[in-house]
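Quick one: the structure is below, and I'll ask about it shortly.
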């Protein structure tokens, strides 16, 4: 009889722990394994057990609209909602982007954003599928937690150079002039 | 004082535990949503206090079908959630009303329209939206009591040509 009560109590603790873990993971902070080369060298694919870097992804940014240019974000693929991608957020709604191939300039629509991978040659991103709705973003990558050699914050970074894209800020723009 | 706290403890535990379980269920399985606006009339009428039961467990299994009412994140404001009927699935051809245009719904996207076409702001204006924005399926209206019941599947006639016939 004593064991019965003990088992029940352990089961309750485990169940509570699981539910707390799930709720935290859905709403605040979760751990994700990344794959692929599109974010090299920030995030790298590897031959290790996890097949890629393991990162912290925080979800608090979603409600409070706390995205910034240069954040690395995780989002649902617009053409397959069962896949998640990791890319860097390059432009926010209302900002102007030059599309590399056609040299066309477009304005990022309201409620959307422009994402690109750090490794431009191997990245399938907004240059192919266009701006994505902010509603597809699932979290913001803050730290790499594995492998140990790469542990540390993932910094907000400005994309290197206008060879890839130029972002014209719409605010404070005198008429007839565009400032990079 | 210590006795009072000791007596309160189990109550607090149950409240916190209940909240957590409620949150987890609401995020992943079922939740209730208050519905506003007249774009889905007569399925939902624009009155205060209409509540719908939203089922979320179909998402991972890609379980949607044409004609269902779904909730989704607005493509122009990621902080608002909207309710419309899912008319077209990826690969379907849609006839856009009031024009002679036929559009194909791209892979991974869907076409949404409100039941009350004249006031509904939907895919006819902002185009097909990625399925990743869909958050759940409305299965029942639960309040007010005289409207209690299932929300049925319905498709507008002659406007959708499915890619596959199920």
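Within region A:98-111, how many residues turn out to be touching a helix residue (DSSP H, G or I) at 6+ places or on another chain (Cβ under 8 Å) and either away from chain B (no Cβ under 14 Å) or under 27 Å from residue A:44 (Cα atoms) (or both)?
Of region A:98-111, the ones touching a helix residue (DSSP H, G or I) at 6+ places or on another chain (Cβ under 8 Å) are A:99-101, A:111.
Filter again for either away from chain B (no Cβ under 14 Å) or under 27 Å from residue A:44 (Cα atoms) (or both), leaving A:99-101.
Total meeting the criteria: 3.
A further question follows. Being more than 14 Å from chain B (Cβ to nearest Cβ) and in contact with a helix residue (DSSP H, G or I) (Cβ under 6 Å, 6 or more places away or on another chain) is the requirement here; does residue A:114 meet it? Reasoning before the result, please.
Working: more than 14 Å from chain B (Cβ to nearest Cβ): yes; in contact with a helix residue (DSSP H, G or I) (Cβ under 6 Å, 6 or more places away or on another chain): yes.
So residue A:114 fits the description; yes.
Looking at B:67, B:49, which is the one that is more than 14 Å from chain A (Cβ to nearest Cβ) and either touching a strand residue (DSSP E or B) at 6+ places or on another chain (Cβ under 6 Å) or modelled with pLDDT of 85 or more (or both)?
B:67 is the lone residue from the list that is more than 14 Å from chain A (Cβ to nearest Cβ) and either touching a strand residue (DSSP E or B) at 6+ places or on another chain (Cβ under 6 Å) or modelled with pLDDT of 85 or more (or both).
Report those strands (runs of 3 or more DSSP E) wholly inside region B:70-158 carrying at least 2 residues which are more than 22 Å from residue B:51 (Cβ to Cβ) and either away from chain A (no Cβ under 14 Å) or touching a helix residue (DSSP H, G or I) at 6+ places or on another chain (Cβ under 8 Å) (or both).
Working: elements: B:77-88, B:93-95, B:102-104, B:109-113, B:134-143.
In region B:70-158, B:77-88, B:93-95, B:102-104, B:109-113 are the strands (runs of 3 or more DSSP E) which contain 2 or more residues that are more than 22 Å from residue B:51 (Cβ to Cβ) and either away from chain A (no Cβ under 14 Å) or touching a helix residue (DSSP H, G or I) at 6+ places or on another chain (Cβ under 8 Å) (or both).
Using the structure shown, decide if residue B:64 is closer than 24 Å to residue B:121 by Cβ and in contact with a helix residue (DSSP H, G or I) (Cβ under 7 Å, 6 or more places away or on another chain). Let's see the steps before the verdict.
Working: closer than 24 Å to residue B:121 by Cβ: yes; in contact with a helix residue (DSSP H, G or I) (Cβ under 7 Å, 6 or more places away or on another chain): no.
Criteria not met by residue B:64.
In region A:51-86, which residues are at pLDDT 85 or above, more than 14 Å from chain B (Cβ to nearest Cβ) and surrounded by 19 or more Cβ atoms within 10 Å (Cβ to Cβ)?
A:71, A:72, A:86
Quick test of your reading of the structure: residue B:16 fulfils all but one of (1) within 14 Å of chain A (Cβ to nearest Cβ); (2) surrounded by 15 or more Cβ atoms within 10 Å (Cβ to Cβ). Name the failing condition by number.
(2)
The values are calculated or read from the model by the stated rules, or taken from the named source; none is laboratory data. Because the structure is predicted, anything quoted here is derived from the model rather than measured. Methodologically, a virtual Cβ is constructed for each residue, glycine included, from the backbone with ideal geometry; neighbour enumeration extends over all protein chains shown.
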